[in-house]
1. Name the residues in region A:460-497 that are within 12 Å of chain B (Cβ to nearest Cβ), surrounded by 13 or more Cβ atoms within 10 Å (Cβ to Cβ), at pLDDT 85 or above and outside any helix (DSSP H, G or I), would you?
2. Suppose we filter A:LEU20, A:LEU28, A:LEU32, A:LEU81 for residues that are at pLDDT 75 or above, surrounded by fewer than 24 Cβ atoms within 10 Å (Cβ to Cβ), aliphatic (A, V, I, L, M) and more than 24 Å from A:LEU397 (Cβ to Cβ); which single one remains?
3. For region A:166-180, how many residues are small (Gly, Ala, Ser) and either free of Cβ contacts under 8 Å to residues at least 12 places away in the same chain or at the interface with another protein chain (Cβ under 7 Å from one of its Cβ atoms) (or both)?
4. Cβ-Cβ under 6 Å, sequence separation 6+ or interchain: first residue in region B:92-116 and under 19 Å from B:LEU134 (Cα atoms), partner of a type in the set (S, T, N, Q). Which pairs?
5. So which residues in region A:181-205 are under 18 Å from B:PHE39 (Cα atoms), out of contact with any strand residue (DSSP E or B) (no Cβ under 8 Å at 6 or more places or on another chain) and without any contact (Cβ under 8 Å) to a residue 12 or more places away in the chain, if there are any at all?
6. In region A:23-38, which residues are without any contact (Cβ under 8 Å) to a residue 60 or more places away in the chain and either more than 18 Å from the chain's Cα centre (by Cα) or farther than 22 Å from A:ALA89 by Cβ (or both)?
7. Among the residues of region A:439-462, is any among the β-branched types (Val, Ile, Thr), within 24 Å of the chain's Cα centre (by Cα) and under 30 Å from B:LEU123 (Cα atoms)?
Amino acid sequence: MEAIAGILQGFAVALTPKSLAFCFVGVLSGTLVGVLPGIGPAAAISLLLPSVLRADPASSLIMLAGLYYGAMYGGSTTSILVNIPGEAASVVTCFDGYQMARQGRAGPALGISAFGSFIAGTVGVVGLMFLAPLLASFALLFGAPEYFSLMVMSMTLVTYLSHGSQLKALMMAALGLILGCIGLDAVTAKPRFTYDILVLRDGIGIVPVVMGLFGISEVLLNVGATMDREILKNKIKGLLPSRQDWRDSAMPIARGSLLGFFLGVLPGLGPVVATFLSYGLEKRFSKHPEKFGTGMIEGVAGPEACNNAVATGNFVPMLSLGIPANAIMAILLGALTIYGIQPGPLLIKEHPNIFWGLVASMYVGNVMLLILNLPLIPLWVQVLKVPYGILYPIILLFCLIGSYSLNNNVGDVIIMWIFGVVGFLMKKFQLEPAPLVLALVLGPMLEDNLRQSLIISGGSFFIFFNRPLAVTFLLVSLCAVLFPLFRLRPLLARIAG
Amino acid sequence: MINADRWTGLFFLVFSLYVCFESWRLGLGSYFRPGPGFFPFYSSLLLGILALSLILFTFHGNLEKGESWANLGNILLVCLAMLGFALLLDWLGFLSTAFLFICFLLYVVERRGWLFSVGAAFLISVACYAAFELWLKAHLPAGILGR
């Protein structure tokens with residue numbers, strides 16, 4: 001009942017002309033970002049952040065969230081038409097989507113991915129609506145030790161689920177914790193690692209860091225890279241899937257939606273891993289698994305539904321616990337803290353307009369995307385024809401303006417530039433930026449909760465082992481760190497022997 | 001593991017030792033009342049241990065070839081253009097700096113014709129000025145030309 005009252009209150013916020021405009025700009029930019037290879041949602045959110053922060057928190061969150069789930073819709077277009085995923089979560093869609101397009105079935109492929117995304121997005125929002133308040137009321141029982149352990153668990157899970165070496169991901173998390181210490185100490189107000197540089201006194205801002213690590217570095221990686229964009233010349237027709245298409249896709253969409261939402265709630269799982277799992281699941285359930293990769297509509301419907309449900313599921317731990325599930329949620333969490341709002345169990349009680357406004361806007365945004373997506377496909381095809389050599393100077397200029405306009409200070413531009421170069425080097429040395437960003441955002445909170453816990457316990461670390469929840473979270477963290485070690489057993493044996 | 005991991009590990013090991021030392025100078029405090037250096041000290045200690053593990057693993061695992069470094073000249077030019085933008089922005093003002101920045105990237109890095117580069121740079125910088133300064137009120141610097 002509380003959820004129904006909340007969602008009605010949310011619609012009162014989401015249906016104002018201002019919120020509708022922000023939601024529209026968000027989902028439209030998201031679709032564009034999804035369509036364009038070479039710029040992902042994390043880069044685009046960080047790029048838009050400085051401009052959006054001028055608006056009120058509810059409007060800016062509505063727009064940035066719209067950008068995130070909008071990118072999931074847009075990503076399928078390039079996967080199907082060009083065989084290049086617009087963003088990482090649409091890699092799987094290339095397998096069967098492009099094959100369908102080659103067989104002259106681009107229309108149904110695009111259509112089912114739009115409808116699948118819509119259904120999954122809506123299922124995800126219903127889940128968010130009921131699960132987040134439940135989790136938030138449970139989290140009200142948390143004290144400093146539980147929060148500390150939960151944050152440790154979140155970070156270790158992110159490193160465990162990282163694409164490359166977990167050891168290197170843990171190193172990046174530790175680096176993020178160190179970078180999070182820069183600025184005035186919260187207790188003693190003593191400057192730490194500031195070296196009399198004024199711009200460092202308030203700490204390293206999350207926005208220039210993520211703009212550098214995700215936006216600039218992505219552009220640098222793509223400078224001069226030849227992007228083979230052979231767009232299908234066949235006319236796209238019949239966007240509405242046939243009855244048989246619906247029959248084949250109904251269950252994959254349902255499975256993708258549920259799987260995506262629950263995987264999205266887990267810290268660390270972005271949409272990429274989830275879409276691969278969904279594809280594998282569909283292959284397993286199919287009567288013709290050997291035909292996957294040759295243009296099966298189930299291979300498009302399941303993963304496309306899944307990536308949208310993950311995007312919505314990711315909001316649950318961020319809004320109810322204040323724990324970002326991935327780098328994009330870390331950026332959104334950073335945006336909320338800039339407004340002085342602390343995401344967590346009290347968010348729903350203290351700022352119901354923001355929480356319920358966001359949830360309601362997701363319903364509205366999903367409808368907008370369904371209406372927008374199909375008629376605008378010819379426009380996105382034209383956008384794809386813009387050469388990257390012309391596009392990236394504009395992207396860079398937006399980043400430079402964005403970082404300057406944060407505080408009208410060149411210092412932020414320099415920080416963004418430094419992190420852009422660092423991000424580029426990190427990708428070349430196969431070091432992941434996501435654990436660094438997550439640790440940078442969580443670091444100050446982690447330190448604060450650790451200090452509080454130690455003061456409460458009189459300096460004893462046993463406080464983390466006396467409380468059942470805290471010890472559970474720490475055990476999960478320990479497993480996340482130790483599991484890969486078992487895979488390294490042969491290597492350790494060789495070192496020892 | 002890639003070839004460069006040994007050097008990456010060494011870099012982070014030295015970095016962590018430096019942060020440990022700086023944190024110790026800040027004051028570690030006690031477990032009961034942690035000082036400002038407490039958290040960065042243990043974070044850098046963790047980084048140091050992980051970096052050392054990375055170095056050790058590279059001596060005993062099969063190392064793969066890392067990423068290719070093709071097109072480094074252009075990447076360097078783009079980096080320099082951005083740094084130039086940051087350094088010139090306050091003095092030269094937004095419009096002129098943005099014009100020079102886009103012109104440089106299109107003409108020098110992308111090797112487009114000069115007429116196209118100048119025309120596109122003019123249009124992009126004016127459009128950005130209109131969007132950010134006039135519409136979004138971003139207060140971009142006017143520089144010497146605006147005074």
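1. A:SER460
2. On the way: A:LEU28 fails: more than 24 Å from A:LEU397 (Cβ to Cβ); A:LEU32 fails: more than 24 Å from A:LEU397 (Cβ to Cβ); A:LEU81 fails: surrounded by fewer than 24 Cβ atoms within 10 Å (Cβ to Cβ).
Residue meeting the stated conditions: A:LEU20.
3. Start the filter on region A:166-180 by keeping residues that are small (Gly, Ala, Ser), which leaves A:169, A:173-174, A:176, A:180.
Still in the list and also either free of Cβ contacts under 8 Å to residues at least 12 places away in the same chain or at the interface with another protein chain (Cβ under 7 Å from one of its Cβ atoms) (or both): A:174.
Selection size over region A:166-180: 1.
4. B:LEU95/B:SER125; B:ALA98/B:SER125; B:PHE99/B:SER125
5. A:THR188, A:ALA189, listed by residue number.
6. A:VAL25
7. Going through region A:439-462, the residues among the β-branched types (Val, Ile, Thr) turn out to be A:441, A:455-456.
Now narrow it down to the ones that are within 24 Å of the chain's Cα centre (by Cα): A:441.
Among the residues that remain, those that are also under 30 Å from B:LEU123 (Cα atoms) are: none.
Checking region A:439-462: not a single residue is among the β-branched types (Val, Ile, Thr), within 24 Å of the chain's Cα centre (by Cα) and under 30 Å from B:LEU123 (Cα atoms).
Quick grid of which residues meet (1) β-branched (Val, Ile, Thr); (2) free of Cβ contacts under 8 Å to residues at least 60 places away in the same chain; (3) closer than 24 Å to A:ALA335 by Cβ; (4) in contact with a helix residue (DSSP H, G or I) (Cβ under 8 Å, 6 or more places away or on another chain):
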site	(1), (2), (3), (4)
A:ARG284	no, yes, no, no
A:LYS291	no, yes, no, no
A:ILE297	yes, no, no, yes
A:ALA305	no, no, no, yes
A:ALA311	no, no, yes, yes
A:LEU321	no, no, yes, yes
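The values are calculated or read from the model by the stated rules, or taken from the named source; none is laboratory data. Note that the coordinates shown come from a computational prediction; the quantities given were computed from them, not determined experimentally. FYI the Cβ positions are ideal-geometry reconstructions off the backbone, even for glycines, and counts take in every protein chain you see.
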